[in-house]
Amino acid sequence: MTLALRFDNSYARLPGDFFTRLAPTPVAAPRLMAFNAGLADELGLTDIPDGATLAAIFSGNTPPQGAAPLAQVYAGHQFGGFSPQLGDGRAILLGEVLDRAGRRRDIQLKGSGPTPYSRMGDGRAWVGPVLREYVVSEAMHALRIPTTRALAAVATGEEIARETMLPGAILTRVAASHIRVGTFQYFFARRDHESLKALAEYAMERHYPGTESPEAFLDAVIARQARLVALWMSVGFIHGVMNTDNTTISGETIDYGPCAFMDAYHPGTVYSSIDRGGRYAFQNQPGIIAWNLAQFASCLVPLMPDEDAAVARFTEMVNAVPERVEAEWLALMRAKLGLGTAQAEDEQLILDLLTLMAQNQADFTNTFRALATGTARDQFTDRDAFDAWATRWQQRLEDEADPQARMRAANPAFIPRNHRVEQMIEAAVAGDMAPFERLMQVLARPYDDQPEAEDLTRPPLPSEAVQATFCGT
Ligand code: AMP
Ligand code: MG
């Protein structure tokens, strides 16, 4: 049985130095761990084959008909240092399909074996990060935050060497595209302006149809990324590795390595074990996206007729990024407090609540969720301080109609808490997929009260708290 996906592989039609054609490396004993039937339907997959066939396809052992497998090349700033050549070192793009809504979607295998861009790596992934990305990316989607999606997870039946031997797995990722700021940087660094132009034209047509000039393109990417980072901030999400190769041109969240949702609120929170300086700490994300977009802007300068004028104009645009994130953030945070109208003092009201939350180590998700039910004060040790704030807030709410409904729609009850994700991985490695299934089911409806899943709203006990997250490479 084959897979009725209708491929149309536009990236594979770009010049040859954009990628290396390469099939996934077969694995020993593929076994399907998870399959996203809802997403498969979106992609127009009607006849779903049995698990063994799906495992053979999404392990890369029998690539689907119509695929044109390749590894994409890119560059990127990693923690501020430039690597002129990165690329898909453990991923293979199978190709693109037009989904039911007519949107072009990449289908990529991650963990599919070595490529010319693997450097020292083995091109593989283990079950932990694969299921982590599966759960967290799908949770993000349910939170209405632009993201790559997870179509399948397949165990490879092979062990891979990390600090210990671990069971291997492959994730099938679906994305609007895998074009990154780093893809532009690759050609920019080589002064290959012809390829840069071809890439810009391709990306504009694919993601921002109707956009003609590099300036309009930059503005459109800034708008999407400003919105994205504001959305992350509104749910307490820390990406953890906001390198330019992990910043998409489409505006989707990509690369769920050491990412994490905060439990107790603190603006300086860092989870990633490799982020020693806290470069990608929660509160730094708006500044970092501005920095990444400055790199993107630099890449577009050679495409402009007057480079000096372009530098001046792009500098203005990049300097305005933090304000644009802030404007998006303010709108989102207003809704979280139940405010449908805008008043000058709203920002101070929001900032004062966040300050109190940090001082009281209040749980980010539960505090906002409890605002609608009037139980938020339980999240604070200094209740008098909260009450004083709440008096101001109640006065402000007098100008609003039905703030409760607005708050319930803006403040999720369920996020993929770190300790639950870790427990899920531990169970899966031991052969028990029940915690995975349960997380997927509950996180699909994050704004609904689900009393039977009350335990998943609980912050970690001290013994459960996850201190650090890892890239999982
Ligand atoms: P990431 O930190 O996941 O964004 O990856 C950064 C770079 O390292 C990318 O070029 C990846 O393809 C590469 N990489 C990560 N893990 C592996 C691996 N296991 N084998 C080969 N390359 C890898
Ligand atoms: Mg990456």
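Bear in mind that the values in this text are calculations on the coordinates, not laboratory data. Keep in mind that what you see is a predicted model, and the values were worked out from it rather than measured. Ideal geometry is used to build each Cβ from the backbone, glycine not excepted, and the neighbour counts take in all protein chains shown.
Given the structure, is Thr341 in a loop (DSSP other than H, G, I, E, B), touching a residue at least 24 places away in the same chain (Cβ under 8 Å) and of a type in the set (Ser, Thr, Tyr)?
Numbers: in a loop (DSSP other than H, G, I, E, B): yes; touching a residue at least 24 places away in the same chain (Cβ under 8 Å): yes; of a type in the set (Ser, Thr, Tyr): yes.
Here the answer is yes, as Thr341 does meet what is asked.
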Inset, instruction - Please find, within the stretch 344-355, the residue that is nearest to Phe217 (Cα to Cα) out of those that are in contact (Cβ under 8 Å) with a residue 12 or more places away in the chain and surrounded by fewer than 20 Cβ atoms within 10 Å (Cβ to Cβ). - result: Glu347
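Do we find that Met304 is surrounded by 14 or more Cβ atoms within 10 Å (Cβ to Cβ) and in contact with a Ser or Thr (Cβ under 8 Å, 6 or more places away or on another chain) in this structure?
no
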Inset, instruction - Among the residues of the stretch 356-385, write down those that are assigned to a helix (DSSP H, G or I), small (Gly, Ala, Ser) and without any contact (Cβ under 8 Å) to a residue 12 or more places away in the chain. - result: Ala370
Inset, instruction - Identify the single condition in (1) within 21 Å of Ala175 (Cβ to Cβ); (2) touching a residue at least 40 places away in the same chain (Cβ under 8 Å); (3) more than 16 Å from ligand 1 (Cβ to nearest atom) that Ala37 does not satisfy, given that it satisfies every other one. - result: (2)
Legend entry - Cβ-Cβ under 7 Å pairs, at least 6 apart or on other chains, the stretch 69-90 side among the aromatic types (Phe, Trp, Tyr), far side more than 13 Å from ligand 2 (Cβ to nearest atom): Tyr74/Tyr186; Phe79/Arg279
Legend entry - Subset of the stretch 83-98 that is in a strand (DSSP E or B) and within 15 Å of ligand 2 (Cβ to nearest atom) - its residue that is farthest from the chain's Cα centre (by Cα): Ser83
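Each row is one residue, and each column tells you yes or no for (1) closer than 28 Å to Arg173 by Cα; (2) polar (S, T, N, Q); (3) away from ligand 1 (no atom under 16 Å from the Cβ); (4) assigned to a helix (DSSP H, G or I).
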residue	(1), (2), (3), (4)
Gly257	yes, no, no, no
Gly268	no, no, yes, no
Ile274	yes, no, no, no
Gly277	no, no, yes, no
Tyr280	yes, no, no, no
Pro286	yes, no, yes, yes
Ala294	yes, no, yes, yes
Ser298	no, yes, yes, yes
Pro302	no, no, yes, yes
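Among the residues in the stretch 231-240, are any part of a loop (DSSP other than H, G, I, E, B), surrounded by 19 or more Cβ atoms within 10 Å (Cβ to Cβ), in contact (Cβ under 8 Å) with a residue 60 or more places away in the chain and more than 16 Å from ligand 2 (Cβ to nearest atom)?
Kept after step one, since they are part of a loop (DSSP other than H, G, I, E, B), are these residues of the stretch 231-240: 236, 239-240.
Those left that are additionally surrounded by 19 or more Cβ atoms within 10 Å (Cβ to Cβ): 236, 239-240.
When the remaining residues are screened for being in contact (Cβ under 8 Å) with a residue 60 or more places away in the chain, the result is 236, 240.
Next, from what is left, pick out any that are more than 16 Å from ligand 2 (Cβ to nearest atom): 236.
For the stretch 231-240, residues part of a loop (DSSP other than H, G, I, E, B), surrounded by 19 or more Cβ atoms within 10 Å (Cβ to Cβ), in contact (Cβ under 8 Å) with a residue 60 or more places away in the chain and more than 16 Å from ligand 2 (Cβ to nearest atom): present.
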Legend entry - Complete set of residues in the stretch 167-196 that are hydrophobic (A, V, I, L, M, F, W, C) and crowded, with 19+ Cβ neighbours inside 10 Å: Ala169, Ile170, Leu171, Val174, Ala175, Ala176, Ile179, Val181, Phe184, Phe187, Phe188, Leu196
Legend entry - Residues of the stretch 188-238 that turn out to be touching a strand residue (DSSP E or B) at 6+ places or on another chain (Cβ under 7 Å) and small (Gly, Ala, Ser), as a count: 1
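Take the residues of the stretch 106-158 that are of a type in the set (Asp, Glu) and more than 14 Å from ligand 1 (Cβ to nearest atom): which is nearest to Ser59 (Cα to Cα)? Even if it seems obvious, please write down each step before you answer.
Within the stretch 106-158, the subset of a type in the set (Asp, Glu) is 106, 122, 133, 138, 158.
Filter once more, so that each one left must be more than 14 Å from ligand 1 (Cβ to nearest atom): 106, 138.
Numbers: Asp106: 16, Glu138: 20 Å.
Restricting to residues being of a type in the set (Asp, Glu) and more than 14 Å from ligand 1 (Cβ to nearest atom), the top hit is Asp106.
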